[in-house]
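Below is one structure, written out as structure tokens, with a few remarks after it.
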Amino acid sequence: MRKIALPTDLSENAFNAMEYAVALFNEPAKFYLLHAYADQIYGPETLDFSDEELENKKQLTAQNCNLILQPLVKKIQEKFPGSKHEFVVLPHCGYLIDEINYLIEKENIDIVVMGTRGKTNDRTITFGSNTLQVIKLVKCPVLCIPESYPFKKPKKLLFPTNYMIPYQKRELQLVNDICSYYKAETHVVYISDFGVVSKRQKSNQTLLKTLLDVERIHFHQVAVSSKTNIINDTIEKMDIDLLVMVNSRYSFLESLLVDSTIDKIGLHPKIPFLILQNYIRN
Ligand code: ATP
Ligand code: MN
């Protein structure tokens with residue numbers, strides 16, 4: 001059974017991401033609604049609290065979270081009657097990144113699905129600070145859903161790559177599962193002025209052909225110019241509905257993420273964005 005982590009800050013953006021995830025994985029699946037609330041407990045307003053007051057505040061917050069999370073589950077179940085989905089709610093007095101990493105290890109999570117933004121929802125930026133942190137630091141694929149993006153069956157995936165790093169079988173399997181279920185095409189775009197020449201590139205390309213459905217995989221090459229422009233233009237021109245990129249050390253995506261320059265550089269995907277992490281996991 002697929003295991004999906006759904007971090008939520010109880011915002012509309014997070015709920016929309018949750019709805020997308022539940023619709024996308026129309027199969028037996030277990031969803032973990034994770035809400036990390038250490039920020040609320042250890043904020044400036046509790047600086048002068050006694051241990052007892054802090055303990056009370058923790059308990060009250062835990063109760064409140066449950067009161068909000070349970071109806072969220074109910075709401076989603078009502079939208080997808082008869083689905084083979086299980087839900088677990090996990091309010092935790094911890095910090096998001098720690099809690100999410102712990103959950104990924106413990107439950108062997110397949111994918112994290114979250115909003116590109118959350119409660120603050122500043123429309124001048126693309127990714128909220130929590131999303132950026134999760135993208136950078138977790139070891140499993142992360143799917144980010146933009147504000148109000150409604151679920152529609154993915155038909156065309158865009159996968160920009162330089163074929164330099166071997167892909168992880170488990171991650172490609174996930175992509176393949178989505179593609180075969182929705183009969184979606186994968187458009188692999190190689191941005192380079194040279195062919196796929198080296199042994200390594202060739203073997204990585206072969207890996208893609210082996211692990212993804214050859215019938216529905218298309219290989220393209222585009223001459224070098226701004227990678228961001230190429231990605232943005234291709235999304236627009238080809239009517240792409242899922243952007244897939246690999247975040248590994250020294251990748252193009254990592255170079256954007258390291259300085260959080262993702263916003264400055266202008267990669268503002270208005271479509272769901274799946275980040276593969278390229279970690280070896282079983
Ligand atoms: P920022 O917090 O940087 O001001 P924001 O609130 O718009 O901006 P994020 O906090 O990054 O953006 O929220 C993006 C997503 O991260 C949310 O849609 C939700 O999925 C998840 N998230 C954010 N905060 C929490 C939290 N405390 N617990 C669980 N998930 C969270
Ligand atoms: Mn936030």
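Using the Cα atoms of the chain to build a convex hull, what is its mean projected area in square nanometres?
Hull-based average projected area comes out at 15.5 nm².
Tell me whether the range 1-67 comes out rounded, prolate or oblate; compute the Cα gyration tensor, take square roots of the eigenvalues as a ≥ b ≥ c, and use a/c under 1.5 as the rounded threshold.
Since a/c reaches 1.5 and a/b is larger than b/c, the shape of the range 1-67 is classed as prolate.
Would you mind checking the pairs Lys30/Lys209; Lys139/Lys270; Lys58/Lys136; Lys79/Lys136 and listing those with alpha carbons more than 27 angstrom apart?
Distance filter (> 27 Å) returns Lys30/Lys209; Lys58/Lys136; Lys79/Lys136.
With the chain treated as a Gaussian network of Cα nodes joined by springs under 10 Å, which of Glu236, Glu99, Glu55 yields the largest mean-square fluctuation?
Of Glu236, Glu99, Glu55, the most mobile in the Gaussian network model is Glu55.
Over every pair of different alpha-carbon atoms in the range 98-141, take the mean of 1/r and invert it; report that Kirkwood radius in Å.
Hydrodynamic radius (Kirkwood, Cα pairs) of the range 98-141 is 11.3 Å.
Just report the Cα centroid separation between the range 177-245 and the range 91-155, whole Å.
Here the two parts' Cα centres lie 24 Å apart.
Using only the alpha-carbon atoms of the range 131-282, report the extent along each of the three principal axes, biggest first, to the nearest angstrom.
Answer, in whole Å and largest first: 38, 36, 33 Å.
Using only the Cα atoms, work out Rg/Rh for the range 104-204, with Rh taken as the Kirkwood radius, to two decimals.
My calculation puts Rg/Rh at 1.01.
Hey, which aspartates and glutamates would be in cross-link range of Lys183, C-alpha to C-alpha under 14 Å, not counting anything within fewer than 8 residues on its own chain?
Asp213, Glu215, Asp241
Sorted from largest down, what three extents in whole angstroms do the Cα atoms of the range 1-157 have along their principal axes?
Extents along the principal axes, in whole Å: 55, 36, 27.
A short reminder: the numbers here are calculations on the coordinates, not readings from a lab. Note that the coordinates shown come from a computational prediction; the quantities given were computed from them, not determined experimentally.
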